Amino acid sequence: MKILVTGAGGLLGSTILSLFKDTSHIVGYTRNDLDVVDYKEVQKKISFENPDIIIHGAANTNAEECEGNKNLAYNVNAIGTQNIVNAILCTNKNTVLVYLSSTGIYGTGKNSPYTEYDPVSPTTVHHKSKLEGEKAVQNLNKYLIIRTGWLFGGGVKHEKNFVYKRYLEAKDEDHIYSDNSQRGNPTYVENLAAQIQFMLTAGVFGIYNCVDLGVASRYEYVKKIIELFGLDCTVKKGSNEMFKRIAPVSFNESAINYKLDLMGINFMTPWEKSLEKYIDQIKMKV
């Protein structure tokens, strides 16, 4: 089985490469290796690799940047995904596409965690463009759409390592502030990669929420990070004025893995446990 991963330099992409390498022939393309916006390049490389599975993690995930540059958001997240889809249809219609989406696409429809059967109504340009990517993927014979959120993990030098950045922010401070207005599911990339690997091996297709178990506010999440690092720093709830954003991000990005639960194949773990495991690994390196 041959697997191609786009966005191989990201938190999840790099984790998937590491996890799958012993069981599959896996090839990773970073943004420097493959520009998903360039249809001819996408067509050429997918035709050359002819993979059985494509795990499409390449995306613009910067909600603030997307809000200020709609064309960039749709070009990368929607057209880039459509290019992958078109290349599959032209090369091998039986190729399975795994598309990484976001629980943020549900919008502001409810206060409790979303299930896959809730309607989607994204509030930001970023999440609207990710939804268009989902629509493109559904033209394929076999696909797996994974709605996840608040990913953590990876190396300490990775630019998107939220956990280690909070450690650096707090280690020499008496107190820091965090946003208490938004809720979601902190999710360990190792768990997500393993869940995807199982689903692919089992031949599971369709749309699934895939997050670690339990819901936290940003404040609760950051407070737990500082607590697990054992830092003498108090985390305080910041005012809305302190965390104003351009993008109208939903206050509720939380979800439950409803379909995985019903199918008896939900192997994700509580986010606090996953976070403790990850921080224990970091402590050995810093």
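The values are calculated or read from the model by the stated rules, or taken from the named source; none is laboratory data. Just so you know, these numbers come straight off a predicted model, no measurement behind them. Methodologically, a virtual Cβ is constructed for each residue, glycine included, from the backbone with ideal geometry; neighbour enumeration extends over all protein chains shown. Only protein heavy atoms, including side chains, enter the accessible area calculation; ligands, DNA and RNA are left aside. Shrake-Rupley method; radii C 1.70, N 1.55, O 1.52, S 1.80 Å.
Restricting THR91, THR103, THR108 to those that are polar (S, T, N, Q), open to solvent by 10 Å² or more (accessible area, probe 1.4 Å) and out of contact with any helix residue (DSSP H, G or I) (no Cβ under 6 Å at 6 or more places or on another chain) reduces the list to THR108. Of all the residues in the stretch 88-143, those that are more than 30 Å from ASN50 (Cα to Cα) and among the aliphatic types (A, V, I, L, M) number 3. Taking the stretch 89-121 as the range and being assigned to a strand (DSSP E or B) and of a type outside the set (S, T, N, Q) as the test, the residues that pass are VAL96, LEU97, VAL98, TYR99, LEU100, TYR114. Please indicate, with yes or no, whether at least one residue in the stretch 228-241 is buried (at least 21 other Cβ atoms within 10 Å of the Cβ) and either touching a Ser or Thr at 6+ places or on another chain (Cβ under 6 Å) or without any contact (Cβ under 8 Å) to a residue 12 or more places away in the chain (or both). The answer is yes, given that some residue of the stretch 228-241 is buried (at least 21 other Cβ atoms within 10 Å of the Cβ) and either touching a Ser or Thr at 6+ places or on another chain (Cβ under 6 Å) or without any contact (Cβ under 8 Å) to a residue 12 or more places away in the chain (or both).
Restricting attention to the stretch 259-275, the residues that are open to solvent by 90 Å² or more (accessible area, probe 1.4 Å) and either over 20 Å from MET199 (Cβ atoms) or touching a residue at least 24 places away in the same chain (Cβ under 8 Å) (or both) add up to 3.
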